[in-house]
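Structure record follows, encoded as structure tokens.
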Amino acid sequence: MTLRYRTAAMAAVVLALAAPNPRPAHATDSSWVSSSAPLNLRRGASTEYKIIGSVTNDQPVTVLGSENGWTNVRLEDGREGWIPGGYLSSDPPPAIRLSQLETEARTLRSRLEKTEDEAERLRTENASFETTDTEQRERIAQLTTENHELRALVRWREWVTGASILVVGMIIGAILGRSSRNKRSSRLRV
């Protein structure tokens, strides 16, 4: 029984590997036909099916699936059919690729111009900020100097005020000292 089970399992694996592996119906890979001669578009996946059209070199198609060496495709006009496998390329033909690259180059040039304009605007703005910064630094230095001068002036006033109070106090003391001497002299001494 074990031998039969192994044989059946091996046979299932071999059949699964040998069976065609069609793509699901929702698969949609863009490809291009890369045949030097037009390919017949058929209703089914063999030469026994009726020809319903042809596909020319570098024509874009959408891949719907594959089976038994045939590829199911949809053309740009909406028609669907089968072509022999091996005639499709995922890379666009040189003419289409050139067109794509030219479009990409135009887009990149446009972005480069915008970037250069933005860079120039930022350079101008930076120069303006540097000028403003220099002016502000000069103004700060000027205000700092004025502040030191004002502080010195306030201290000078404080010193003058203090000295004036001292002088006035000495004068008052001298006057009071004379008054008190005069009062003592008028007294009798024994």
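Values in this text are rule-based calculations from the coordinates and carry no lab data. Every value quoted in this text rests on a predicted model; they were computed, and no experiment measured them. Counting neighbours? That spans all protein chains shown, and the Cβs are built from the backbone with ideal geometry, glycine included.
Fully extended, how many nm does the chain gain between Glu113 and Met170 (0.36 nm per residue separation, minus their Cα-Cα distance)?
Taking Glu113 through Met170 to full extension adds about 12.1 nm, to one decimal.
How many nm separate the modelled label positions at Thr56 and Asn147, each set 7 Å beyond the Cα in the direction of the Cβ?
A separation of 8.3 nm, rounded to one decimal place.
Going by how many other Cβ atoms sit within 10 Å of their own, how do Val63, Val160 line up, fewest first? Intermediate results must be reported in sequence, preceding the final value.
Numbers: Val63 18, Val160 10.
By the 10 Å Cβ count, ascending: Val160, Val63.
How would you rank Ser31, Ser128, going from fewest to most other Cβ atoms within 10 Å of each one's own Cβ?
Ranking Ser31, Ser128 by Cβ neighbours within 10 Å, fewest first, gives Ser128, Ser31.
Which ordering of Leu150, Leu41 is given by a fewest-first count of other beta-carbon atoms within 10 Å? Mind showing how you got there, number by number?
Details: Leu150 10, Leu41 19.
Listed from fewest to most nearby Cβ atoms, that is Leu150, Leu41.
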